[in-house]
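Student: Dropping a structure here in structure tokens format, bear with me for questions.
The values are calculated or read from the model by the stated rules, or taken from the named source; none is laboratory data. Only a predicted model underlies this, so the values are computations on that prediction, with no experimental measurement involved. Here the Cβ is made from the backbone with ideal geometry for all residues, glycine too, and neighbour counts use every protein chain on show. The accessibility values were calculated without ligands, DNA or RNA, using every heavy atom of the protein model including side chains. Shrake-Rupley method; radii C 1.70, N 1.55, O 1.52, S 1.80 Å.
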Amino acid sequence: MRKIALFIVLAITMAASPLLVACNPAPTTPSTSPASTEVKTLKVGCTLPFTNSLGIDTKKALEMIVPAFNQAGGLTVKGQKYNIDVIIYDDKYTADGGRAAVERLVNEDKVNFIICQVGSAPIVAGLAVTEPANVLVFCGGASGKIISPQNKYTYGTATWRTNLAPLFPLLKKNFPNAQTMVNLSPDDETGKALAADNAKAAASIGIKVLESIFYPRDTQDFAPFATKIMSLKPDIMDYPGAVAGTQFGLQFKALYEAGYKGVHISPMQPNLVEVLAVTPKESMENLISIMPATDITNPAEMAKKYKADWVAKYGEWSSASLNWIPAFYAFVEAINKVDSVDPSVVAAYLSANGLQWESPNGKGILVKRPDLNNNRFCDTCASLDFGLFKNGKYEYLGTITAEEALKANETAFGGSWK
Amino acid sequence: MKLPNNGANHKTNRYKLLAIIIAVAALVVLPFCIESGYIKHLIIMACIGTILGMTFSMLYSAGLITLGAAAFYAVGAYTSTVLVMYAGLSFWVALPLTVMISAIMALGFGALFVRNAGVAFVIISLIFAQVIVIAIGQAEFLGGWGGIIGIPRPDSLGPVEFATKHDFYYLILAFLLLVVVVYTALYSSRIGRAWRAIKLSPNLAGTLGINAYRYRLLAYVIGSTTAAVAGCFYAHYFQNITPGAFSGWLSIYVQLYAVLGGLEFYILGPAIGAVIMTFVPEYLRVVKEIEPIITGILLLIIILFFPGGILGTIRNSANVSFEGFDARVKKIKASLTGKR
Amino acid sequence: MSLGLFIQLLVNALTIGSIYILMVLGLDIILRGTKILNFAHGQLYMLGAYVLFLFFQTLHLNFALSLVLSGASLALIGALSYLGIFAVLSRRFTVSTTFSYILLLSAMASVGLMMILQQGTLLVFGTQERGIQSPLPQIIDVFNVRISLMRLIIIFLSLLICICLYLLMYKTTFGKILRAVSYDPEAVTLQGINTSWVFVSCFALGSALAGLAGGIIAPLFSVTPSMGQNIIFMSFLVLLVGGIGSYRGTIAGGLLVGLLLSFGFQFMGGIAELFVFMLVIIILVFRPGGLLGEAAE
């Protein structure tokens, strides 16, 4: 009898689940009454992986800055005040998970804007929903498919695709004798695409790429690769598309153990806490990489405040969210600039005129990608801060402004990006 | 396992027919009752899951446990995509071609794999699914790890344009019903009986003149081809595919569908399991981070305390009450006749 | 190819191979003893690394002691999981239950266990990736061949564990009972031995091996919540190559796969992994029971 009772409860729960999902509070339809004094709510969607620190940190960041933004007055569009309500779902870092989450955001919660997504797989899977539904997407992700010409409503606000070229002039200045380079990249779409871009950018400044080596994505044992790299004898090691956590550290450790003593460059921001947990400091000597805008010698006001707020709210500082959070600031700037909450109007304006915004990660500008046959403003060049690991210390090396980054990209890949 | 076609009880069969008609009718009108595109998406995914689950059940009915459902799901998705996008064929031409190509592939690989039953087959099927994923990831012309985007929708079929989830739902429903009809026919035929005999004891089946190898190979080919059809639909419904979507974990979920619903129910079991496994995690989005733990505990509860899965439990409790009901009816009848 | 390169590649192959061997010995003991194809094995490996992290990095215990403690904790976790899940499940099986049914339900139960352990670890330890500073960071440099001392220690420790396991399985009564159970539990019961504790110890021993593998490798690699999901496929593959139920086969399989991967990456690049998979399938076609195992139905 008990079994049957338990079963019935279970069965009812299961049977009711589709209905319960369906019976979420109905979306508040925006009333058409003009400029009332009451504050309206603007729903904005987001999907993040809840199983890795990129997703968790970005979630924390949104939960920190959005309430503060609303408190400070929120958005004002045509005299109407809006508070932003961010709805975050788990996308499990997979295509199927991302698709389900985006379906829910677009069809159930009726959001018109999606921001701050992290993983390429869920973003690309969601495009098949957001594009036909005219949902404006400001997202991270390194995949070139995000800025493919067939997309009209999607903007990449992370700098993965545009931060390779600005690095090389800096390298040349600091290490003029370095001539040959090996790329070590994950064997996935991002790694392949960035390694190819990287080779192009390096060639434009006269550095010879000896070989691009690809490792399976979840590799932990880099000793075989280090052995191979040592037999090639490069002056420079580059890691386009690498994941910033312990895996990055394991690469340094393996190279150090194999006896590599040259320069390392990396167009991303290493998570030093995680990296130094697995590899000795000596292994990171001569690394030039992107430094969080919050950690440079004289950080901008916005960056200082962001870090202080984070520490006040969560205790330990973590810079991982800095790469993804510009999407929020770009979104706010776009709404303010166009003075509309209609995604089609905003997209039409942005695609034709571009956009500039300030975020804790520095200034960002939308650019065209003629090299990818996309003549709409769709990708992002941003100001980049670089650090150098010297004598066991990670020190600020210099900043490249968004405009300089744009110019360096035009030189390396060709075409007018403005 | 009661055979459905014993024909001894015409009344039961008539009720069964009625139930089937009602169920199909309900499935046909279902999308009109649901407004949300999100729920429709989940229902479509559950239908795909059901088809995959049924392929697992078919192999299980022949005593083979496969963890490779994702392998031919991926083969179907990519074959059809290549045929449509590179060869410029219509979806309706690519579909039968996909079926043919995957059947030939399944025959070739199956001939090698099916020789090992038991644990070895389980692991080989799992590894094969991984091999397919890695091979696609390495193949540049298949888009590598980044996959392919912008896969066209199926060409319109008369007035049906496949622009909305409605149309896709009816397409997958048609596939599903077709699979159900074919599988039911197979299970009640000589082939299905041979499979069950092999599952019970391969040696005994051998002495009865049943060639276990051939019958298992047949199950493998049919199952794989069905999975390929599901993959074909998936590619054109999602309109973009990546190798990551077909990883080995998917296959493990697929067998959960069958186990949850009830292993003895080759058709309905996977359907119930797929619906639950699609909707419950979505419902559990409310609890966010602990969702996988709750799903895991639910799974363990069902495996440990409800032998025979959900349908098995329903049948057992229903049998008990039906027996009571029948007894009461007899009593009343007896008393009535007695009075007369 | 120079001799130096050869030695370097060999050491790489032996390190990774010995981890596979430990993993697969555990899988094999569990599979043969209790008929469970343990999908949670990767998560046990991950837990082993986390427990070592706890003892060694947080509590600053001695490395060897931490390693023993991590093996012991995992044996405990394994025993509890068996008693809580699989012992309950096995009560349902009778003599007439088909093998495929037992195999499937046990495997599914282990998938449930896997989900709980995976997400539980993530919640307890957080998403941050962690590392363990190598207790022996020295590098041996002989004639320009540079080999990390830790790698040699790992190979040595794995060898030691294998020898201990061999002595346990072949030289003690306990081991004899364990082996006997894997052939015919009924016959063992008839000898008046209570088999239920034997099943528990099989699962505990297998889990302990997974924990030791995770613990040993932790100072060389990193400790991340996803480390268990990746190694399980390769472990299953080694299990098949070596042959289920063959002690020597497992060792041969682990070494073969380690060598193929190490030398493959050097000379073929990223495609090596695919090549290894293909090769394994070909081996299995010609030797269905694996290299040294007997073909099992």
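Here's the yes/no breakdown for (1) open to solvent by 60 Å² or more (accessible area, probe 1.4 Å); (2) not aliphatic (A, V, I, L, M):
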site	(1), (2)
B:ALA135	no, no
B:TRP145	no, yes
B:TYR183	no, yes
B:ARG193	yes, yes
B:PRO202	no, yes
B:GLY206	no, yes
B:ASN211	yes, yes
B:SER224	no, yes
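Student: Quick one: in segment A:168-210, of everything that is basic (Lys, Arg) and either open to solvent by less than 10 Å² (accessible area, probe 1.4 Å) or under 30 Å from B:PRO243 (Cβ atoms) (or both), which residue is modelled with the lowest pLDDT?
Tutor: Among them, the one singled out is A:LYS192.
For every residue, the table says whether it meets (1) within 24 Å of C:LEU80 (Cα to Cα); (2) buried (at least 23 other Cβ atoms within 10 Å of the Cβ); (3) touching a residue at least 24 places away in the same chain (Cβ under 8 Å); (4) not hydrophobic (A, V, I, L, M, F, W, C).
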{"position": "C:LEU205", "(1), (2), (3), (4)": "yes, yes, yes, no"}
{"position": "C:ALA210", "(1), (2), (3), (4)": "yes, yes, yes, no"}
{"position": "C:ILE216", "(1), (2), (3), (4)": "yes, yes, yes, no"}
{"position": "C:LEU220", "(1), (2), (3), (4)": "no, yes, yes, no"}
{"position": "C:GLY228", "(1), (2), (3), (4)": "yes, yes, yes, yes"}
{"position": "C:LEU239", "(1), (2), (3), (4)": "no, yes, yes, no"}
{"position": "C:GLY242", "(1), (2), (3), (4)": "no, yes, yes, yes"}
{"position": "C:GLY245", "(1), (2), (3), (4)": "no, no, yes, yes"}
{"position": "C:ARG248", "(1), (2), (3), (4)": "no, no, yes, yes"}
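Student: Another question, then. Can you name the number of the only condition in (1) open to solvent by 10 Å² or more (accessible area, probe 1.4 Å); (2) farther than 23 Å from A:LYS145 by Cα that A:PHE386 fails?
Tutor: It fails just one condition, (1).
Student: Sticking with this structure for a sec: Take C:ILE85 and decide whether it is closer than 23 Å to B:LEU67 by Cα, surrounded by 16 or more Cβ atoms within 10 Å (Cβ to Cβ), of a type in the set (Val, Ile, Thr) and out of contact with any Pro (no Cβ under 9 Å at 6 or more places or on another chain).
Tutor: Judged against the criteria, C:ILE85 is a match.
Student: Collect the residues in segment C:254-283 that are out of contact with any Leu (no Cβ under 6 Å at 6 or more places or on another chain) and under 29 Å from B:ARG216 (Cα atoms), keeping them in residue-number order.
Tutor: Within segment C:254-283, C:LEU274, C:PHE275, C:PHE277, C:MET278, C:LEU279, C:ILE281, C:ILE282, C:ILE283 meet the criteria.
Student: What number of residues within segment A:389-406 satisfy the criterion of being open to solvent by 20 Å² or more (accessible area, probe 1.4 Å) and more than 21 Å from the chain's Cα centre (by Cα)?
Tutor: 8
Student: Select from segment A:149-197 the residues that are hydroxyl-bearing (Ser, Thr, Tyr) and touching a residue at least 60 places away in the same chain (Cβ under 8 Å) and list them in ascending order.
Tutor: The initial filter retains those residues of segment A:149-197 that are hydroxyl-bearing (Ser, Thr, Tyr), namely A:153-155, A:157, A:159, A:162, A:180, A:185, A:190.
Correct list: A:TYR153, A:THR154, A:TYR155, A:THR157, A:THR159, A:THR162, A:THR190.
Student: Also: From B:VAL84, B:VAL99, grab the single residue that is away from every other protein chain (no Cβ under 14 Å) and surrounded by 22 or more Cβ atoms within 10 Å (Cβ to Cβ).
Tutor: Just one listed residue meets the conditions, B:VAL84.
Student: In addition: Within segment A:220-252, how many residues turn out to be aromatic (Phe, Trp, Tyr) and open to solvent by 20 Å² or more (accessible area, probe 1.4 Å)? Steps first, please.
Tutor: The first filter runs over segment A:220-252 and keeps only residues aromatic (Phe, Trp, Tyr), leaving A:222, A:225, A:239, A:248, A:252.
Now narrow it down to the ones that are open to solvent by 20 Å² or more (accessible area, probe 1.4 Å): none.
The qualifying residues number 0.
Student: Moving on to the next point. Mind listing whichever residues of segment B:229-258 are open to solvent by less than 10 Å² (accessible area, probe 1.4 Å) and either free of Cβ contacts under 8 Å to residues at least 60 places away in the same chain or at positive phi (or both)?
Tutor: B:LEU256
Student: Let me ask something else about it. Right, A:THR51: in contact (Cβ under 8 Å) with a residue 60 or more places away in the chain and touching a helix residue (DSSP H, G or I) at 6+ places or on another chain (Cβ under 7 Å) or not?
Tutor: no
Student: Conditions first: (1) open to solvent by less than 20 Å² (accessible area, probe 1.4 Å); (2) more than 13 Å from chain C (Cβ to nearest Cβ); (3) outside any loop (DSSP other than H, G, I, E, B). A:LEU255 passes all but one, so which condition is the exception?
Tutor: (2)
Student: Now a separate question. Among B:ALA46, B:ALA74, B:ALA70, which is the only one that is in contact with a strand residue (DSSP E or B) (Cβ under 9 Å, 6 or more places away or on another chain), open to solvent by less than 10 Å² (accessible area, probe 1.4 Å) and either in a helix (DSSP H, G or I) or modelled with pLDDT of 90 or more (or both)?
Tutor: Just one listed residue meets the conditions, B:ALA74.
Student: Restricting attention to segment C:101-109, does a residue exist that is farther than 16 Å from B:GLY309 by Cβ and surrounded by fewer than 16 Cβ atoms within 10 Å (Cβ to Cβ)? Walk me through it before giving the result.
Tutor: Pass one, segment C:101-109, residues farther than 16 Å from B:GLY309 by Cβ: C:103.
If we keep only those that are surrounded by fewer than 16 Cβ atoms within 10 Å (Cβ to Cβ) too, we end up with none.
No, that holds for no residue.
Student: Next question, about the same structure. Which condition breaks for C:ASN62 when tested against (1) modelled with pLDDT of 90 or more; (2) over 23 Å from C:MET227 (Cα atoms); (3) open to solvent by less than 30 Å² (accessible area, probe 1.4 Å)?
Tutor: Exception for C:ASN62: condition (3).
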